[in-house]
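The values are calculated or read from the model by the stated rules, or taken from the named source; none is laboratory data. Not measured: the values here are computed from a predicted model. No Cβ is skipped: glycine too gets one built from the backbone with ideal geometry, and neighbour counts run over all protein chains shown. When the accessible area is computed, the model is the full protein with side chains, heavy atoms only, and any ligands, DNA or RNA have been set aside. Shrake-Rupley method; radii C 1.70, N 1.55, O 1.52, S 1.80 Å.
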Amino acid sequence: MKIRKIAELLQADVLCCDERLDEEVYAACGSDMMSDVLAYVKNQAILLTGLVNAQVIRTAMMMDMHCVVFVRSKQPSPEMVSLARENGIVVMRTDFRMYEACGTLYSNRLGCEGGAHD
């Protein structure tokens, strides 16, 4: 699925790296615990979270994620968006709750792997 389609499905605002919206992604992870993301997630491309701190972007960098979606209307700081931009990570925000966002992506056939979304 293209990141552009994810933004559409989640009615998300794209905050940076909109030039990468046509990239294909194949899986997603939803978690507010970055330790779980680091411990259990493999081959993920999209991270959905309600946690708003720079560690989220650093975790996405370490896990080679292409996109971070902040749920529940969370607003990342300008510093977080800048760090993501420097590393080519698309950042979006949506009003959807985590459950709704993950369910929407899953029901539209975006795959899930790992254990952080369980």
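Laid out as a table, the results:
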quantity	calculated
Fraction in percent of alpha-carbon pairs per bin - 5 Å, the chain	2, 13, 27, 28, 22, 7, 0
Trypsin sites (Lys or Arg not before Pro) within the range 48-118: DSSP coil, no more than 14 neighbouring Cβ in 10 Å	Arg97, Arg109
Heavy-atom SASA rank of Cys16, Cys102 (probe 1.4 Å, accessible area, largest first)	Cys102, Cys16
Coil-residue GluC sites (Glu not before Pro) of the range 1-65, DSSP, other Cβ within 10 Å capped at 12	none
Percent antiparallel among DSSP beta bridges (both partners in the chain, rounded to 5)	25 percent
Of Ala54, Ala27, Ala12, the one that fluctuates the most in a GNM where the chain has Cα springs shorter than 10 Å	Ala54
Per residue solvent-accessible surface (Å²) - the range 51-107, probe of 1.4 Å	50 Å²
The chain - mean residue ellipticity at 222 nm from DSSP helices (-39,500 (n - 2.57) per run, n ≥ 4, rounded to 500)	-10000 deg cm²/dmol
